[in-house]
Structures are given as C-alpha cells and as structure tokens.
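Colleague: Got a structure for you, questions after.
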Amino acid sequence: MIKILYVITKSNWGGAQRYVYDIATSLDKEMFDAVVACGGNGPLAIKLREAGIRVITIPLLQRDINIIKEFLSLFALIKIFNREQPDIIHLNSTKIGGLGAVAALAAKLLTKNYPPAGRAGKQKTVFTAHGWGFNEDRPYIARVIIYFLQWLSVLFCDRIIAVSRAVLNQGMYFPFSRSKLILIKNAIMPPNFLDKKSAKRELANLARLSKTIAEDNQFPRPPIDGLVWLGTIAELTKNKGLTYLVDAAHQLKIQIPPASPSEAEQVNSKFQILIIGGGEDEKKLRAQIAALGLESDVFLLGHIEDAPKYLKAFDIFILPSITEALAYVLIEAGWAGLPAVATRVGGLPEIKPPNRLPKILV
C-alpha cells in the first residue's frame, strides 16, 4: 500500500482545501493510505474526519508569517514525517510548500533510518502551486520571504504541479524549475444543482435563519418582483476583491439618479448582491456596506454548506478576485449556465465553459 501524506497550511474551506479533500477522499483505499496534516481544526479537518481520513493537526501552523512559529512548525513537520514515513509527501499552499520541502529534506538528512530501509531515494515530495503567494497584496518583506519559501519548494521538491497555465508560466522564472513543472488543471464533476426557483427559495430561507442578517433587513424578494440577483461564492479575504464589488454596487446605485422619490425606490430595487462565504474580512466588509448605505442591496450570507448547489439562484455570477489560480467556483458557475463576470487575473481567462453554456466575460 502506498502512503500519501497531504500537508496544507489552513484547515478552512477554500480552493486549495477542496483540492486536498477531493484527492484524499477519491483514492482507492485498498491501494492508498491517505493522511492529511493541516493547521487548525476547521471545516477541512471536520469534513475529512467525517469521510474517514486521518487528520494530523499542527497547532502553530498559520497563514501569517511569524518567524518563531515557522521554526516550531518546521520541527513539528520533521517529527510528523519521521513518524508517518510516507511514500509521497504532497504539499499544498504557499507557506507549507517551503516549510514542508525543507522539513522533508531535513528528515532524510537528520533522522536515523529515515526513509525506512529499502525506500531510501524512492520517497517523493510533490508541491501543488495553487497560485504564487508573492502575487498577493502584502508588505514587501513578507513578499520577499514568500518568494524565498516558494523557491525552496521548487528547489527541494521532486515535482511541481501548476493548476493553470498562468501559474506554470510564472513558475518557469524560478531557477531549476523547468524540468519539475507539470500542468494539471483543476477540474470538477458536474455538480447537482437545485433548479432556479428552489435555489432562490432555499437560499432566502437559509439566510433568514442565519444570524448574519438582521430581522428588519430587507432580504431578496421572490423573482416575480423582477430583481436581478448578482452573486458570488468566495472566502472573505483581500485576495477575493470583494471590497471592489461593494464599491461597484454603490456606483451602480448612484449612476442613474432618480427623477422622483418613487422612481428612486424603483431604481434602487432592481438588483441585489448575495455573497456566500466567511472569512477574516467579514467585519470590514460589513462596515463598508453600512457606510455606503447598502444594507438592503448587498448581503453577506456567511458560510453555507454545499454552497454551489444554490448557484442557479443567481442571475449573474461575479468573481472580482485580485489574484487567482484557477477558481473551482467559476467552473461551477459555467456548469450552472450562468453568465459570469470575472477579473482578468491568473488562470481565470483559461476557463472555458461547455459549448452549450453562456460565455464567461473576463
């Protein structure tokens, strides 16, 4: 049996976490022993355990850079690699790509009888690049550290998987990378969607039951009222560009000034924006929505389990990311038959919906 240890920085639920989950839970259990190590006990860890996958928690592993925690996490990884003795170490996300690659090398060099007898030289370390971290809006010193970590990933890993051609092309600039890089794009099975009417009704009911919306707020009305639902599913982080979506909603409201108070109500009620997802920028986005007077126009619905099945509730899908590799949700929006508007970043322009579905405008 081949033992594969997947390692990822955060245990929240995003594209990289879904990638790990999909692969780990899809392997033939008679041929592969899949184990996942991650920081925290978030949705990824919960879902994996429910699926029968063993999860190892690394308490100090986190997204933000902290030199002391990085060294402690490095030693924790070396200990885990020595104890688990996997045939393949599969690293995911920017930080763990660097730390994990160094830890794998250190485990081989510093630990007696590791890898086990008969396996020396055969253990492989693989890194999947879900985008390059130095593209993110971070302080200069943080971007330098991230670039260095990603170069270590390229240097010490046996194979680098790029999930889009844009990621592959950027990776070519790292020294000694060309022979290791391989392009394997993200892909999905066609999702099981609710029909449009059911999706709208259930999404509205879920939101009313959640604590994310005040009872006196005007939640999206039924489609017979003629409202256009603009929607997205995204983690509430800076990388997803949601602050620009909120600004755009404000501009859309003021672009056509009403001639009368009655017309003002008509103009302002023509669209509403629904954002599904949770994350660190939730408070900031709520404050922005309130400051712009958009409480009845833009709704943060929080994390919703199996969110893609509600995609047909939207009339238009929007993905305003400022950095992206190859977004699963944009592929799903295509399968849902939605016209989609997305920023021209990373691998998003590479996504081609099935011929029978509306075009994606990037």
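The values are calculated or read from the model by the stated rules, or taken from the named source; none is laboratory data. None of the values given here were measured: they were computed from a predicted structure. Counting neighbours? That spans all protein chains shown, and the Cβs are built from the backbone with ideal geometry, glycine included.
Colleague: Only residues that are more than 30 Å from residue 139 (Cα to Cα) and among the aliphatic types (A, V, I, L, M): list them for segment 46-75, please.
Modeller: In the first step, residues of segment 46-75 are kept if they are more than 30 Å from residue 139 (Cα to Cα); the result is 46-56.
Result: 46, 48, 51, 53, 55, 56.
Colleague: Could you list all residues from segment 39-51 that are out of contact with any helix residue (DSSP H, G or I) (no Cβ under 8 Å at 6 or more places or on another chain), outside any helix (DSSP H, G or I) and farther than 19 Å from residue 130 by Cβ?
Modeller: Answer for segment 39-51, where residues must be out of contact with any helix residue (DSSP H, G or I) (no Cβ under 8 Å at 6 or more places or on another chain), outside any helix (DSSP H, G or I) and farther than 19 Å from residue 130 by Cβ: just 41.
Colleague: Do you know which of the residues in segment 178-225 that are in contact with a strand residue (DSSP E or B) (Cβ under 8 Å, 6 or more places away or on another chain) and modelled with pLDDT of 85 or more is surrounded by the most Cβ atoms within 10 Å (Cβ to Cβ)?
Modeller: 203
Colleague: Further question: Considering only segment 66-107, state which residues are crowded, with 16+ Cβ neighbours inside 10 Å, over 20 Å from residue 15 (Cα atoms) and β-branched (Val, Ile, Thr).
Modeller: 78, 80, 88, 102
Colleague: Now, a different point. Is there a residue in segment 62-83 that is part of a strand (DSSP E or B) and in the same structural domain as residue 26 (by TED's automatic domain parsing)? Even if it seems obvious, please write down each step before you answer.
Modeller: Of the residues in segment 62-83, the ones part of a strand (DSSP E or B) are none.
No, every residue in segment 62-83 fails to be part of a strand (DSSP E or B) and in the same structural domain as residue 26 (by TED's automatic domain parsing).
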